Amino acid sequence: CGIGSESNNSAQGSAGRVLDSEAPLPEAFRARLPIPPVLDPVRRDEMTDYYEITQKVGQASILAGLTTEVWGYNGILPGPTLVSRRGRRTVVTHNNELPVPVSVHLHGGKTAPEHDGYPTDLILPVAGDVGHTGHGGTSVIGSRDYVYEMDQPAATLWYHDHRMDFTGPQVYKGLAGFHLVCDDHEESLGLPSGDSDIPLMILDRSFAADGSFLYPSVDPTLTETPGVSADYMSGVLGDCILVNGAPWPVLEVSNTKYRFRILNGSNARRYQLRLDDGTGFIQIGSDMGLLAAPIEHDAIDIAQAERFDVIIDFSRHQIGDEITMVNDRGRVGTSQVMRFVVSHEETDTSTVPDRLADIEVLSENDVTVEREFVFARGGAQAHGMTLWTVNGEPFSPDTVLARPKLGAVEKWTIRGQNVEHPFHIHLAPFQVIGRDGNDDPGRYNQGWKDTVNLDNGGRAELLIRFDGYRGKYVFHCHNLEHEDMMMMANFEVV
Ligand code: C2O
Ligand code: CU
């Protein structure tokens, strides 16, 4: 699929606590929106595309006159965008030149367990302290191949670090990128494409006086304690909004329709996105691919790790108009996200069809097993802190909380307490059938999902299909500080 690309060298409703930057933050709407470069395969054969990524330290220019050290895929934030075609195998060789162990998870991928980035299946650094690795995972030194069969429909996936206890700090330092899946069906629809198909990764970050990312953690290279300090265990919120790595950027657009693949890649911040011209968004896809039909939204409520694939139609605008994407959950600074400037005219050849895809609707009649999980604080302590847990259990690689059968559809009721928790499950996509006592998914949870937000005291009923592979996987809260503080559990497909 031809998506736009260019070189990239150069308490607010969220569970967490804002960390105030020590460095002066830039003025909004000065930086240009960067588009992450699309990675070329190093080779292809009949069945497979082979890629290579080196995880390393890089320098980013985010604040005027200062450089920010990032830990990036190929040294950049976001990492390069991978584009796979449905049915073609993708093999990504990850080299680890960072000073810490890493694990790569393809979020939304239908991936074999040994390639899923299990939190203890690490790539250890070649040099330096390897940290604690005594959890019995299959760790390798220096480099690892991840194999993705890509037997799944077109969707906006992303890849990020998943190291046990340290996902929060390692993603915060930059380990996140897009991985798109395309297919013939989606391409036949005539949706905006090429330079009009743009991924937007929204992150919140705070900066130390020297320009480095500020994260309230113990040093992840040295310690055996989880990577976040007690004060911030409810979640780390930054005071600067980055889109594709640039602070409050601007994108020049023509007076046509654009497709934006919006990802909330933030550790702990949830957003309510709105356009200040009142035009709204036409949602065409969710976490796991196209919706059956487009849905119009005045605003988008997006929790951590969720994706909203949307069309924004700039055709009603005059040249020179400015449209700002705002965040109604933010306060000063974080209440703004980015700006679009209509800079030129163009003929629009794209369409948004009324029917987008045939989505199989799962039914309660298919359910063989029902389970219930409570995401809350309590039940376990460590390092003097009360941990976040699932059914009172802190994460352990050896404890399996569910053993669904391969091919089964199960009904899971997830309940959240204390604060909000975005529930995420690996491997197995789900459909939301009820939320907070209502027998429907609500406006924001249509189609196939891999992440759903639970409000404090909230409840979601999910139909989950366990398909593809046997083996052990995790489900967890995608507030990354909660995840690091043990709000994660195993299921094993048998
Ligand atoms: Cu995006 Cu297990 O994570
Ligand atoms: Cu949580």
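None of the figures in this text is laboratory data; all of them are computed from the coordinates on show. Since the structure is predicted, the reported quantities are computational estimates derived from the model, not experimental observations. Backbone-built Cβ (ideal geometry, glycine too); neighbour counts: all protein chains shown.
DSSP assigns beta bridges within segment 30-187; of those with both partners inside it, close to 65 percent run antiparallel. Across segment 402-482, counting alpha-carbon atoms alone, Rg and Dmax equal 12.5, 34 Å.
Please give the peptides 233-243, 140-150, 105-115, 450-460 ranked by average Cβ packing (other Cβ atoms within 10 Å per residue), highest first, as a rough proxy for protection.
Details: 233-243: 24.5, 140-150: 18.0, 105-115: 22.1, 450-460: 20.2.
Listed from highest to lowest mean packing, they are 233-243, 105-115, 450-460, 140-150.
For segment 364-493, the antiparallel share of DSSP beta bridges with both residues in that region comes to about 75%. The rule of thumb for compact globular proteins, 2.2 N^0.38 Å, goes into the C-alpha radius of gyration of the chain 0.90 times. A Förster distance of 45 Å, applied to the separation of the beta-carbon atoms of Ala230 and Asp195, puts the FRET efficiency at 0.45.
For Val38, Val337, what's the fewest-to-most ordering of other Cβ within 10 Å of each Cβ? Provide the component values of the computation, followed by the final result.
Details: Val38 18, Val337 24.
Lowest count first: Val38, Val337.
Report for the chain the percent antiparallel among DSSP-assigned beta bridges with both residues inside it, nearest 5. Intermediate results must be reported in sequence, preceding the final value.
Values: 93 of 133 bridges.
Of the beta bridges lying entirely in the chain, close to 70 percent run antiparallel.
When restricted to Cα atoms, segment 12-65 yields an Rg and a Dmax of 18.8, 52 Å, respectively.
Each label was represented as a point 7 Å from its Cα along the Cα-to-Cβ direction; for Val361 and Asn456 these points are 3.5 nm apart.
With N counted as the residues of segment 322-412, its alpha-carbon radius of gyration over 2.2 N^0.38 Å works out to 1.93.
Working from label points 7 Å from Cα in the Cα-to-Cβ sense, the Glu252 to Lys405 distance is 6.1 nm.
Which semi-axis lengths, in whole Å and largest first, follow from the square roots of five times the eigenvalues of the Cα gyration tensor of segment 3-120?
Values: eigenvalues 185, 73, 47 Å².
Equivalent ellipsoid of segment 3-120: 30, 19, 15 Å, largest first.
So if R0 is 45 Å, what FRET efficiency would Arg32 and Asn391 give, r being the distance between their Cβ atoms, rounded to the nearest 0.05?
Working: r = 47 Å, r/R0 = 1.04.
Approximately 0.45, to the nearest 0.05.
The relative contact order of segment 372-494 comes to 34 percent, based on Cα pairs under 8 Å that sit 6 or more residues apart.
Between Val126 and Val140, what length comes free when the chain is fully extended (0.36 nm per residue of separation minus the Cα-Cα distance, one decimal in nm)?
Details: separation 14, 0.36 × 14 = 5.04 nm, distance 0.96 nm.
Between Val126 and Val140, full extension yields 4.1 nm more.
Here is the size of segment 85-183 from its Cα atoms: Rg then Dmax, 13.5, 43 Å. What is the distance, in nm, between label points placed 7 Å from the Cα along the Cα-to-Cβ direction at Arg89 and at Arg443? Going from the Arg89 label point to the Arg443 one covers 4.5 nm. Temperature 4 °C, viscosity 1.567 mPa s: under these conditions the Stokes-Einstein estimate for segment 197-344, based on its Kirkwood radius over C-alpha pairs, is 78 µm² per second. For segment 242-312, a Kirkwood hydrodynamic radius built from all Cα pairs, placed in the Stokes-Einstein relation at 25 °C and 0.890 mPa s, yields a translational diffusion coefficient of 189 µm²/s.
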